[in-house]
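Just below is one structure, and these are the notes that go with it.
Read the figures in this text as sums done on the coordinates, not as results from a lab. All values derive from a computational prediction rather than experimental measurement. Ideal geometry is used to build each Cβ from the backbone, glycine not excepted, and the neighbour counts take in all protein chains shown.
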């Protein structure tokens with residue numbers, strides 16, 4: 001019975017969110033005065049829900065990385081109206097497409113020049129369930145944005161993250177994963193670029209990139225947290241079915257007709273962007289653990305067999321370093 005209740009709470013919105021055996025609400029986010037956060041994709045969807053909550057709970061400075069200036073301006077207007085102009089003024093927007101790894105490195109370096117601490121890093125921005133596409137580097141866009149771009153960002157912010165943690169602060173990193181990682185191709189090896197560039201279908205492309213987020217979380221916990229940096233935590237989260245641009249508009253790109261089942265049929269059951277933000281806020285502000293897959297609202301779950309593979313974890317990170325180095329001529333080498 002508990003398993004059924006947790007599954008409903010993890011995935012559906014409204015009254016279903018209260019059914020789980022663990023409980024956490026956004027109002028339980030602690031006071032964040034004096035702290036600094038970085039949120040990718042923080043101008044809309046789940047990322048906006050996270051950013052709004054951090055500001056509501058007095059984050060001192062918030063860097064939002066996103067693509068569109070118009071979208072962030074709209075988000076800031078909402079925050080100014082509902083939380084006050086002072087909170088909106090705490091936002092530092094930086095234009096960044098995470099598929100452009102040179103630009104991602106530049107943004108990370110600019111953040112390090114602008115602040116002397118980072119307490120929270122939310123790796124949220126991502127490409128949803130869409131058809132296969134290659135970036136300008138010639139890399140699958142799902143993997144380039146959802147996984148590799150965030151590894152580059154985290155790697156270049158890592159010295160400051162470590163410094164903040166070494167000063168006695170608990171520093172938390174949250175990676176946006178999904179139970180869609182179960183849909184990753186069963187023959188996934190992360191052995192070559194050709195493999196990840198192979199079209200595995202919209203669900204397979206998306207699921208593989210979410211699997212990568214889980215494996216990266218385990219890798220970081222093993223090689224950073226447990227090797228001398230116990231105050232530097234990384235966890236992955238599953239938000240559930242959330243009403244965002246990905247689930248209401250983008251889904252029609254791969255599924256012009258069938259997508260209506262998701263965009264309209266599921267809409268009454270979906271979570272709001274704030275309900276979807278709950279596990280991320282928990283992972284970014286409260287948890288004392290690392291290396292976990294946290295499902296909404298705050299329940300650590302066991303991920304898929306592929307997500308627990310040490311061999312796959314090592315293959316993924318070696319491939320990530322090699323691909324980023326080769327495609328950028330060493331200009332954005334992953335520093336971990």
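When DSSP beta bridges are restricted to pairs lying wholly in the chain, around 15% turn out antiparallel.
Residues in region 127-150, backbone N under 16 Å from the label point at residue 102 (7 Å along the Cα-to-beta-carbon vector): list them, ranges by number please. Backbone N within reach: 135-139.
Taking 0.36 nm per residue of separation and subtracting the current Cα-Cα distance, fully stretching the chain between residue 134 and residue 189 would add 17.9 nm. Sorted fewest first by neighbouring Cβ atoms within 10 angstrom, 152, 334 come out as 334, 152. Compactness of region 32-132 is given as radius of gyration and Dmax, 13.2, 42 Å, from Cα positions.
Cut-off 10 angstrom, C-alpha nodes, Gaussian network model of the chain. Which of 44, 113, 205 fluctuates the most? Greatest mean-square fluctuation among the candidates belongs to 113.
In this simple spin-label model, placing a label point 7 Å from the Cα along the Cα-to-Cβ direction at both residue 302 and residue 336 gives a separation of 2.6 nm. For a quick check, take a GNM of the chain with Cα springs below 10 Å and name the residue from 51, 283, 307 with the largest mean-square fluctuation. Maximum fluctuation in the GNM of the chain, among the listed residues, is at 307. Residue exposure proxy: 182, 137, ordered by other Cβ atoms within 10 angstrom of their Cβ from fewest to most, comes out as 182, 137.
Computed from the C-beta positions of residue 223 and residue 198 and an R0 of 25 Å, the FRET efficiency is 0.35 to the nearest 0.05.
Find how much the distance from residue 289 to residue 169 grows on full extension, using 0.36 nm per residue of separation minus their present alpha carbon separation; answer in nm with one decimal. Each step should come with its number before you reach the end.
Working: separation 120, 0.36 × 120 = 43.20 nm, distance 1.41 nm.
Extending this stretch completely gives an extra 41.8 nm.
Note on the chain: with a GNM built from Cα contacts shorter than 10 Å, the maximum mean-square fluctuation among 148, 313, 234 falls on 313. Residues of region 31-52 with amide nitrogen under 16 Å from the 7 Å Cα-to-Cβ point of residue 82? 42-52, by backbone N distance to the label point.
Set against the labelled values (i) 18.4, 54; (ii) 21.3, 73; (iii) 21.3, 78, Rg and Dmax of the Cα atoms in Å computed from this structure falls on (i).
With 10 angstrom as the radius, rank 103, 172 by how many other C-beta atoms surround their C-beta, starting from the fewest.
Values: 103 18, 172 25.
Taking fewest neighbouring Cβ atoms as first place, the list is 103, 172.
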